[in-house]
Amino acid sequence: QVQLVESGGGLVQAGGSLRLSCAASGRTFSSYAMAWFRQAPGKEREFVAGINWSGGTTLYADSVKGRFTISRDNAKNTVYLQMNSLKPEDTAVYYCATSDFGHSHSALRQYKYWGQGTQVTVSS
């Protein structure tokens with residue numbers, strides 16, 4: 001059974017940084033793409049960043065490009081999201097997800113397994 005456990009969320013002032021982590025278990029982590037999504041109150045869940053099985057290809061939403069960096073450590077079965085220059089509009093619950101494919105996608109429907117989410121709150 002695939003399990004994803006996020007950590008690292010919290011409260012930060014605008015302009016600050018946070019690093020989210022997602023520890024995966026239950027299958028061969030290094031074979032599959034990983035992604036981060038987020039959901040703000042009253043809004044739909046949206047794609048933030050994705051990374052392919054090897055870490056060689058990344059994909060970002062326009063809203064976070066240049067501020068967020070996704071990475072993975074296949075030896076530790078962990079994917080990270082480094083978030084810099086945070087803005088109040090980045091406030092959301094952040095979810096880690098993995099698909100059954102090696103290449104990342106931005107479409108929510110491509111992702112089969114989800115973590116429980118971690119809250120990120122950016123104050124102005």
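So here's what we get for this one:
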read-out: The range 40-88: number of residues that are assigned to a loop (DSSP other than H, G, I, E, B) and hydroxyl-bearing (Ser, Thr, Tyr); value: 4
read-out: Candidate set: the range 10-46, residues that are open to solvent by less than 30 Å² (accessible area, probe 1.4 Å), among the small types (Gly, Ala, Ser) and in contact with a strand residue (DSSP E or B) (Cβ under 6 Å, 6 or more places away or on another chain); chosen: the one farthest from ASP100 (Cα to Cα); value: ALA40
read-out: Residue that is most open to solvent (accessible area, probe 1.4 Å), among those in the range 63-77 that are more than 11 Å from the chain's Cα centre (by Cα) and not aliphatic (A, V, I, L, M); value: LYS76
read-out: Members of the range 90-124 found to be in contact with a strand residue (DSSP E or B) (Cβ under 8 Å, 6 or more places away or on another chain), open to solvent by 40 Å² or more (accessible area, probe 1.4 Å) and in a helix (DSSP H, G or I), listed by number; value: LEU108, GLN110
read-out: Filter result (open to solvent by 40 Å² or more (accessible area, probe 1.4 Å) and either in contact with a His (Cβ under 9 Å, 6 or more places away or on another chain) or touching a residue at least 60 places away in the same chain (Cβ under 8 Å) (or both)) within the range 78-89; value: GLN82, ASN84, SER85, LYS87, PRO88
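The values are calculated or read from the model by the stated rules, or taken from the named source; none is laboratory data. Just so you know, these numbers come straight off a predicted model, no measurement behind them. As a convention, Cβ positions derive from the backbone with ideal geometry for all residues, glycine included, and neighbour counts pool all protein chains shown. Heavy atoms of the whole protein, side chains included, go into the accessibility calculation; ligands, DNA and RNA do not. Shrake-Rupley method; radii C 1.70, N 1.55, O 1.52, S 1.80 Å.
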